[in-house]
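Participant: Questions regarding the structure given below will be posed in turn.
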Amino acid sequence: MSPTSDAAPTTTPADRLVQEALSKSGLLWIRTGERTWPVWHASVEGTAYVVSGPGEQPLPELPERVWLVLRSKDSRARLLTVPAAVRRIGADDAEWAAATAALRSSRLNSAVPQDRLVDHWAEHARVLALDPDVAQTEIGAAGEEESGAAPPLPTDAVTR
């Protein structure tokens, strides 16, 4: 029997490993050249989506490619490090509905009411798609490297 062009795409063990790591934890680390940023995310079909902007998590403008560091939810040990392409998506993009539905369901404690959240993101925030390059996945700790920790960003939220 010969394969057909409409056959289901094959997934590799690395694809499945990255998808599982993305779906098991709501937090990932985005490593840029300057520092590493912890962000909550939602995963849809192997793509991680993050939202930042007013009232959301702080995240700088990202370069076209970043590294995603995925950790175990239980032990917090590093499971994978994988490069990812960064794309900004908007309300006109085909994946907007699925991405924002996933993000909305995992967004906790927003000052914006849930029924206005997606509109708020469209008007005031950035929704980013992070597409992992699973062929370049590093499993476990990749040698001895610095933690990437940085001092907390300044904030108006202080106690006296």
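The values are calculated or read from the model by the stated rules, or taken from the named source; none is laboratory data. In this text the structure is predicted, and so the values were computed from the model without any measurement. Here the Cβ positions follow ideal geometry from the backbone for every residue, glycine too, while neighbour counts run over all protein chains shown. Heavy atoms of the whole protein, side chains included, go into the accessibility calculation; ligands, DNA and RNA do not. Shrake-Rupley method; radii C 1.70, N 1.55, O 1.52, S 1.80 Å.
Participant: Which one of these does Tyr49 not meet: (1) at pLDDT below 90; (2) within 16 Å of Val86 (Cβ to Cβ); (3) touching a strand residue (DSSP E or B) at 6+ places or on another chain (Cβ under 7 Å)?
Facilitator: If we test Tyr49 against (1) at pLDDT below 90; (2) within 16 Å of Val86 (Cβ to Cβ); (3) touching a strand residue (DSSP E or B) at 6+ places or on another chain (Cβ under 7 Å), just (1) comes out false.
Participant: Which residue, of Ser43, Ser105, is among the small types (Gly, Ala, Ser), at pLDDT below 95, in a strand (DSSP E or B) and open to solvent by 30 Å² or more (accessible area, probe 1.4 Å)? Step through it out loud before you land on a result.
Facilitator: Details: Ser105 fails: in a strand (DSSP E or B).
On inspection, the qualifying residue turns out to be Ser43.
Participant: Output the number of residues of the stretch 81-102 satisfying the condition of being among the hydrophobic types (A, V, I, L, M, F, W, C) and part of a helix (DSSP H, G or I).
Facilitator: Step one: of the stretch 81-102, the residues among the hydrophobic types (A, V, I, L, M, F, W, C) are 82, 84-86, 89, 91, 94, 96-99, 101-102.
Then drop every residue that is not part of a helix (DSSP H, G or I), which leaves 96-99, 101-102.
Residues that pass the stated criteria total 6.
Participant: Still on this structure, please answer the following. Just one of the numbered conditions (1) surrounded by 11 or more Cβ atoms within 10 Å (Cβ to Cβ); (2) over 18 Å from Val39 (Cα atoms); (3) of a type outside the set (D, E, K, R) is not true of Ala94; which one?
Facilitator: Looking at each condition in turn, Ala94 falls short on (1).
Participant: Suppose the filter is touching a strand residue (DSSP E or B) at 6+ places or on another chain (Cβ under 6 Å) and modelled with pLDDT of 85 or more; does Pro132 pass it?
Facilitator: Judged against the criteria, Pro132 is a match.
Participant: Criterion first (crowded, with 17+ Cβ neighbours inside 10 Å and modelled with pLDDT under 95) does Val82 satisfy it? Please lay out each step first, then the result.
Facilitator: Numbers: crowded, with 17+ Cβ neighbours inside 10 Å: yes; modelled with pLDDT under 95: yes.
For Val82, the condition - crowded, with 17+ Cβ neighbours inside 10 Å and modelled with pLDDT under 95 - is met.
Participant: What are the pairs, 6+ residues apart or on separate chains, where a residue within the stretch 20-31 that is in contact (Cβ under 8 Å) with a residue 24 or more places away in the chain has its Cβ under 9 Å from a residue that is aliphatic (A, V, I, L, M) and in a loop (DSSP other than H, G, I, E, B)?
Facilitator: Ile30/Leu59; Ile30/Leu62
Participant: Return the total of residues in the stretch 11-36 being open to solvent by 30 Å² or more (accessible area, probe 1.4 Å) and either of a type outside the set (Lys, Arg) or in a loop (DSSP other than H, G, I, E, B) (or both).
Facilitator: Pass one, the stretch 11-36, residues open to solvent by 30 Å² or more (accessible area, probe 1.4 Å): 11-17, 19-20, 23-24, 26-27, 29, 31, 33-35.
With either of a type outside the set (Lys, Arg) or in a loop (DSSP other than H, G, I, E, B) (or both) added as a condition, the list becomes 11-15, 17, 19-20, 23, 26-27, 29, 33-35.
Going through the stretch 11-36 one residue at a time, the tally reaches 15.
Participant: Is it true that Arg76 is at pLDDT 80 or above and of a type in the set (Lys, Arg)? If you could, list the steps in order and put the result at the bottom.
Facilitator: Values: at pLDDT 80 or above: no; of a type in the set (Lys, Arg): yes.
The answer is no for Arg76.
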